[in-house]
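Enquirer: Sharing a structure with you now.
The values are calculated or read from the model by the stated rules, or taken from the named source; none is laboratory data. Note that the structure is predicted; figures quoted are calculated from it, not measured. Here the Cβ is made from the backbone with ideal geometry for all residues, glycine too, and neighbour counts use every protein chain on show. These area figures cover heavy atoms from the full protein model, side chains too; ligands, DNA and RNA do not enter into them. Shrake-Rupley method; radii C 1.70, N 1.55, O 1.52, S 1.80 Å.
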Amino acid sequence: MSDSQHEVLWSKGLEALALNINESQLEKLKQYVELLNRWNKTYNLTAVREPAQMIPMHIFDSLVVAPFIDGDNCLDVGSGAGLPGIPLAILQSDRSFTMLDTNGKKTRFIQQAIIELGLKNADVVQSRVEQWQPSNQYQTIISRAFSSIADFVNGCSALLAENGSLYAMKGQHPVQELAYLPKGYQLESTQALEVPYVEGERHLLRITRK
């Protein structure tokens with residue numbers, strides 16, 4: 001795909017998302033894709049190999065949740081290459097983001113991305129979620145690639161602030177997984193999402209304490 005075709009992809013995709021993104025933010029999103037593409041060739045951070053696919057499948061898929069999450073601080077669990085945390089941190093500079101992952105190659109990449117993009121509102125931790133003991137709890141905890149909803153809720157419960165929300169990014173609506181939602185938690189809302197240039201269902205599930 002040519003540079004001009006990439007520009008059309010960015011332009012039409014962000015227009016479809018209806019997000020208020022300025023030139024500086026757009027340049028950082030593009031820089032992040034370039035960095036991810038470069039590191040991916042050596043460290044295999046994501047199975048998506050081409051920037052033309054990374055833009056919709058990683059960037060648009062991350063940004064689509066931006067209007068629906070709240071809270072001053074956000075924990076991205078199982079962040080992988082920094083998704084959705086890095087794109088959201090670029091877009092929402094007034095909210096702090098912590099990316100958590102067990103994989104050292106991926107957390108080193110996230111740290112490098114934070115430095116190169118100049119993200120003052122982002123940091124990264126290499127740890128298993130069950131073993132990590134931060135000094136503060138999080139109003140928002142999100143996961144794009146965690147395992148089951150039950151594991152997500154159980155693993156993150158100690159990290160969730162009193163009135164906080166857990167957000168699970170899923171494909172099809174996970175009816176069977178919700179049947180095993182841990183006691184004391186409830187499905188607060190479900191948001192169907194449309195990701196530009198990405199086929200298939202996408203849903204954002206908000207889970208809160210009862």
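Enquirer: Which of the residues spanning segment 96-138 are touching a residue at least 40 places away in the same chain (Cβ under 8 Å) and part of a strand (DSSP E or B)?
Expert: Thr98, Val124, Tyr138
Enquirer: I would also like to ask the following. Among the residues of segment 1-41, what is the count of those that are in a helix (DSSP H, G or I) and either among the acidic types (Asp, Glu) or out of contact with any Lys or Arg (no Cβ under 9 Å at 6 or more places or on another chain) (or both)?
Expert: 28
Enquirer: Could you tell me how many of the residues in segment 146-161 are within 18 Å of Phe97 (Cα to Cα) and either open to solvent by 80 Å² or more (accessible area, probe 1.4 Å) or assigned to a strand (DSSP E or B) (or both)?
Expert: Here the count works out to 2.
Enquirer: Still on this model: Keeping to segment 185-210, report how many residues are crowded, with 16+ Cβ neighbours inside 10 Å, in contact with a Ser or Thr (Cβ under 8 Å, 6 or more places away or on another chain) and of a type outside the set (A, V, I, L, M, F, W, C).
Expert: Here the count works out to 2.
Enquirer: Now for a different question. Within segment 42-62, can you find the residues that are outside any helix (DSSP H, G or I) and of a type in the set (D, E, K, R)?
Expert: Scanning segment 42-62 gives Arg49, Glu50.
Enquirer: Moving to a separate point now. Among the numbered conditions (1) surrounded by fewer than 22 Cβ atoms within 10 Å (Cβ to Cβ); (2) under 19 Å from Leu45 (Cβ atoms); (3) in contact with a helix residue (DSSP H, G or I) (Cβ under 8 Å, 6 or more places away or on another chain); (4) of a type in the set (A, V, I, L, M, F, W, C), tell me where Phe60 comes up short.
Expert: Of everything listed in (1) surrounded by fewer than 22 Cβ atoms within 10 Å (Cβ to Cβ); (2) under 19 Å from Leu45 (Cβ atoms); (3) in contact with a helix residue (DSSP H, G or I) (Cβ under 8 Å, 6 or more places away or on another chain); (4) of a type in the set (A, V, I, L, M, F, W, C), Phe60 misses just condition (1).
Enquirer: Only residues that are open to solvent by less than 70 Å² (accessible area, probe 1.4 Å) and either within 19 Å of Pro67 (Cβ to Cβ) or of a type outside the set (A, V, I, L, M) (or both): list them for segment 32-52, please.
Expert: Tyr32, Asn37, Trp39, Asn40, Thr46, Pro51
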